[in-house]
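Reading through the structure tokens given below for one structure.
The values are calculated or read from the model by the stated rules, or taken from the named source; none is laboratory data. Since this is a predicted model, take the numbers as computed values, not measurements. Backbone-built Cβ (ideal geometry, glycine too); neighbour counts: all protein chains shown. Only protein heavy atoms, including side chains, enter the accessible area calculation; ligands, DNA and RNA are left aside. Shrake-Rupley method; radii C 1.70, N 1.55, O 1.52, S 1.80 Å.
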Amino acid sequence: MDDHHLTPTPPTILEYYHDTSKLQSKASLLSSFLGEDGRHVLILDCTIFHPQGGGQPSDTGFITDVSSSSSFKFVVQDVRLKNGIVYHYGVFEKVAEDLEGGVEVVLSVDESRRKLNSKLHSGGHLLDVCMQKVGLSHLGPSKGYHFPDGPYVEYKGTVPQAELQSKQKELELEANNLISKGGKASLLMFIHMKNSGLCGGSLPDYIPKGSNPRIVKLGEFPGCPCGGTHVSDISELGNMKVTQMRTKKGVTKVYYNISSC
């Protein structure tokens, strides 16, 4: 089935956006086709699969039909979001003879990968809070790389390397102190001005005025706009290790890991 270019495809409903703990759901198949890289692609009306983005890798898992015999099984290897549409890339372990649009399917997300990604991503947010607490609030907006092969958060601005070395242990202690206390992670969506208050009085310049961005808050601390997946409570992070802090060419990077990862 390869008619995705002939009729407009509506934006995918992002179910993970409202419930990051949901690991199984149902959806309707809109189209199935062969991608440019030789893998098959499925487009659905809605999805719980988080696409790669925001410094976070995509979910993996599988998609089957709703029948008990499962006439097909699609292994999801990669997920991407393009112009509001989510593309599920992968291979068929079991192929249906005639896979048509409108078929109801079951989505199953790999639980261990989702939890790992959520912990690493949430750990980056927690470091943002701790950087404020240890006196590094003058550094600019952060962006992170929350992949298992070496997660880090980077900030605009530099700090003398000697000062960073003295702050590293303090930062780690502060993070683990907050983890031990715990605190609910909340997903909030309000109008732009309300969100400004949730984020400490201002939103990043890239957030359009009048928009309704999704805000993530850890405990009682100021939140930030984010579309990723997160733990439900800070205590789920277990233990954080700040492995390195360095500053170079106007950027300060903080490398970290989570022991339970």
Next item on the list: Test Ser67 against the stated conditions and say whether it is open to solvent by 10 Å² or more (accessible area, probe 1.4 Å) and outside any strand (DSSP E or B).
Entry: yes
Notebook entry, point to check: Does segment 114-128 include one or more residues that are open to solvent by 10 Å² or more (accessible area, probe 1.4 Å), touching a Phe, Trp or Tyr at 6+ places or on another chain (Cβ under 8 Å) and touching a residue at least 12 places away in the same chain (Cβ under 8 Å)?
Noted result: no
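Yes/no matrix, rows are residues, columns are (1) at pLDDT below 70; (2) open to solvent by less than 30 Å² (accessible area, probe 1.4 Å); (3) assigned to a helix (DSSP H, G or I):
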| residue | (1), (2), (3) |
| --- | --- |
| Leu171 | no, yes, yes |
| Ser180 | no, no, yes |
| Leu187 | no, no, no |
| Gly200 | yes, no, no |
| Pro208 | yes, no, no |
| Asn212 | yes, no, no |
Next item on the list: Kindly indicate which of Leu42, Leu30 is open to solvent by less than 70 Å² (accessible area, probe 1.4 Å), over 23 Å from Asn117 (Cα atoms) and either part of a loop (DSSP other than H, G, I, E, B) or in contact (Cβ under 8 Å) with a residue 12 or more places away in the chain (or both).
Entry: Leu30
Next item on the list: Being hydroxyl-bearing (Ser, Thr, Tyr) and either under 25 Å from Ser112 (Cα atoms) or within 16 Å of the chain's Cα centre (by Cα) (or both) is the filter; apply it to segment 214-261 and report the residue that is surrounded by the most Cβ atoms within 10 Å (Cβ to Cβ).
Entry: Thr229
Notebook entry, point to check: Considering segment 129-146 alone, what residues qualify as being buried (at least 17 other Cβ atoms within 10 Å of the Cβ) and either acidic (Asp, Glu) or in a helix (DSSP H, G or I) (or both)?
Noted result: Val129, Cys130, Met131
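With at pLDDT below 90 and of a type in the set (A, V, I, L, M) as the only criterion, which of Leu30, Leu6, Leu81, Leu44 stands out?
Just one listed residue meets the conditions, Leu6.
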Next item on the list: Taking Glu154 as the residue in question, decide whether it is part of a helix (DSSP H, G or I) and either at pLDDT 90 or above or open to solvent by less than 50 Å² (accessible area, probe 1.4 Å) (or both).
Entry: no
